[in-house]
Amino acid sequence: MDSSTLKIFLAMAGYMLIVIGIGLFYAKRSNKSTEDYFIGGRSLGPWVAAMSAEASDMSGWLLMGLPGVAYWCGIADAAWTAIGLAVGTYINWLIVAKRLRKYSTVAGNAITIPEFFSNRYHEKKNIIMTLSAVFILIFFTVYASSCFVTCGKLFSTLFGYSYHSMLIVGAVFVVVYTFLGGFLAESASDFMQAVVMIFALVAILVTGTINAGGISAVIENAKAIPGYLSLTSIATPITDAAGVQQVVNGVPQFGEASKYGLLTILSTLSWGLGYFGVPQVLLRFMAIRKVDELKKSRRIATVWVVISLFAAVAIGVIGRTIFPAEANLLTSGGAESIFINLSEHLLPAILAGVVMAGILAATISSSDSYLLIASSAFAKNIYEKSSSVAKVHDKIFHKSMDDKSVMLVSRMALILISLLGVVIAWDEDSVIFDIVSFAWSGFGATFGPIMLFSLFWKRTTYPGAIAGMVSGAATVFIWKLALKPLGGVFAIYELLPAFLVSCLFIVVVSLLTKKPSQEICDEFDKAKAFED
């Protein structure tokens, strides 16, 4: 390890120690009860709620996945995705945050998303709760794997060790940290990590633009690539059978631009629909201490997201100017290292270490959220609520389940979920953007429609909620695995059709089934008028 790499390592190690310190600081308070461990006792301030929500949402995808897409095939895919996410962020904070904070309190003081849905419909057989928990386990395991891929790529690129060994190191660190501190530690560190992330993005944006010769030089280079700088077409790298872009005399080769039509634009914009169903953001709405602080949180979150997304897309374009044919960037997966390449070559070692910590920050802030929510879904919503499991627990441990038992099971589940995430991430050719897009569509279509209808349509029924949830999740898998490979109209992002199918099922089944009870309707009205 040379002196420059050592300095980068030390800067990152210092950051990691600070994060662990936060976990230890909050460990005692987080272990008081499941409400403290899973939702922080509803005590988040507006700044922490906003910044932690966005940091946990964006993950290493923001610093590696999105710039990688822009670097590889131009701005169309990346820019429309960013626009959809920015609009989705604002609308989610505007219409969902306040109503969910009120309703989750009124509906039995729910502290997880599955528990909220279960309480909202006054279910007695825990069907919605179990289905919600199972889908959270599935999609968050996939999500966590994307974070582990980020760790593996980051550490192996920086320090030269194998991808697999660095993947395991990153996973162990995240698990230990999440194990210690719970939701409060996660949210507090996510606030700090959101600051580090936006600093890293802006630092590389500015230094990259200067080193590329200015904005005009970046634009001229992009214009020379067919379709690269267009919002209605997309650049097409010429690759060999192994997916490696061809380079002739140091110049990367591109074919004719492909069309990026209206249907594709709409499906890409539909990334914004995912926000209505992602638990890591929705939990922040439930955890904020005062409803009237959500307006401030909305402004903070929106500004952070707009700046970060713009910088991430621009960094990919700048990278094409500075490193047009770098060996490690010549595949779609390798292109996701453009942020690392720019950091290493443009910044002093210590500052590069801080910027690299931005990637680590993004990864940790997301993966700890994913693991905590997934493990709580199992422990709180499946294990604790299962009478048969409860009887087995009593026989083995000779006592009934309490908060400590639930947290113990949660931590055991956390380890198992992490192991599955490592297995999924084991392929070092994994593309972070692709993994995230699948998990995002899963959450958006499974939970987004039912969340909106649960909060805003009193007539939504229990069977309608189940039908919407199952149809949304099923459509994601069917569209992704069976229909999308057919191409043509089926090539659109699976979130859009799955979201629409879920909405259709909720409306039709609700109208065909018995109206909700008066008790449920009264609770709906109470939540609407609730003041804390």
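The values are calculated or read from the model by the stated rules, or taken from the named source; none is laboratory data. The structure presented is a predicted model; accordingly, all values stated were derived computationally and were not measured. Note that each Cβ is placed from the backbone with ideal geometry, even for glycine, and that neighbours are counted across all protein chains shown. Keep in mind that these areas ignore ligands, DNA and RNA; they rest on the heavy atoms of the full protein, side chains included. Shrake-Rupley method; radii C 1.70, N 1.55, O 1.52, S 1.80 Å.
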* Asked: On the given criteria, is I315 open to solvent by 20 Å² or more (accessible area, probe 1.4 Å), in contact (Cβ under 8 Å) with a residue 12 or more places away in the chain, touching a helix residue (DSSP H, G or I) at 6+ places or on another chain (Cβ under 7 Å) and under 24 Å from A76 (Cα atoms)?
  -> no
Considering region 461-489, residues that are over 17 Å from G442 (Cα atoms) and assigned to a helix (DSSP H, G or I), and then whichever is nearest to the chain's Cα centre (by Cα), we arrive at P485
Per the filter on region 66-78, residues in a helix (DSSP H, G or I) and crowded, with 24+ Cβ neighbours inside 10 Å are L66, P67, G68, V69, A70, Y71, W72, C73, A76, A78
Test A311 against the criterion of being assigned to a helix (DSSP H, G or I) and more than 14 Å from V48 (Cα to Cα), and give yes or no. yes
Scanning region 472-482 residue by residue, those among the small types (G, A, S) and either surrounded by 23 or more Cβ atoms within 10 Å (Cβ to Cβ) or closer than 16 Å to T513 by Cα (or both) turn out to be G472, A473
Counting only residues that are under 30 Å from I506 (Cα atoms) and either free of Cβ contacts under 8 Å to residues at least 60 places away in the same chain or open to solvent by less than 20 Å² (accessible area, probe 1.4 Å) (or both), region 136-176 contains a total of 6
The one condition L408 fails out of (1) over 20 Å from the mean Cα position of the chain (by Cα); (2) over 26 Å from R120 (Cα atoms); (3) buried (at least 16 other Cβ atoms within 10 Å of the Cβ) is (3)
Residues of region 209-238 being without any contact (Cβ under 8 Å) to a residue 12 or more places away in the chain and open to solvent by 30 Å² or more (accessible area, probe 1.4 Å), in sequence order, are I210, I215, S216, I219, E220, K223, A224
Log entry, pairs with first residue in region 97-108 being without any contact (Cβ under 8 Å) to a residue 60 or more places away in the chain, second being of a type in the set (S, T, N, Q) and outside any loop (DSSP other than H, G, I, E, B), beta carbons closer than 8 Å, six or more apart or on different chains, reads G108/N119
Pairing a residue in region 427-440 that is touching a residue at least 12 places away in the same chain (Cβ under 8 Å) with any residue that is open to solvent by 30 Å² or more (accessible area, probe 1.4 Å), where Cβ atoms lie under 6 Å and the two sit 6 or more apart in sequence or on different chains, gives V431/S332
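So that you can scan it fast, the table gives a plain yes or no per residue for (1) within 20 Å of the chain's Cα centre (by Cα); (2) more than 29 Å from D429 (Cβ to Cβ); (3) among the charged types (D, E, K, R):
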position	(1), (2), (3)
M58	yes, no, no
G65	yes, no, no
A97	yes, yes, no
L100	yes, yes, no
N109	no, yes, no
I113	yes, yes, no
I128	no, yes, no
Among the residues of region 438-470, the number that are open to solvent by 10 Å² or more (accessible area, probe 1.4 Å) and farther than 23 Å from Y103 by Cβ is 1
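Among the residues of region 88-104, how many are more than 26 Å from P463 (Cβ to Cβ), open to solvent by 40 Å² or more (accessible area, probe 1.4 Å) and either among the charged types (D, E, K, R) or touching a Phe, Trp or Tyr at 6+ places or on another chain (Cβ under 9 Å) (or both)?
Adding up the residues that qualify gives 2.
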Original post:
Just a yes or no: is a residue in region 119-135 open to solvent by less than 10 Å² (accessible area, probe 1.4 Å), in contact (Cβ under 8 Å) with a residue 12 or more places away in the chain and in contact with a Leu (Cβ under 7 Å, 6 or more places away or on another chain)?
Top reply: no
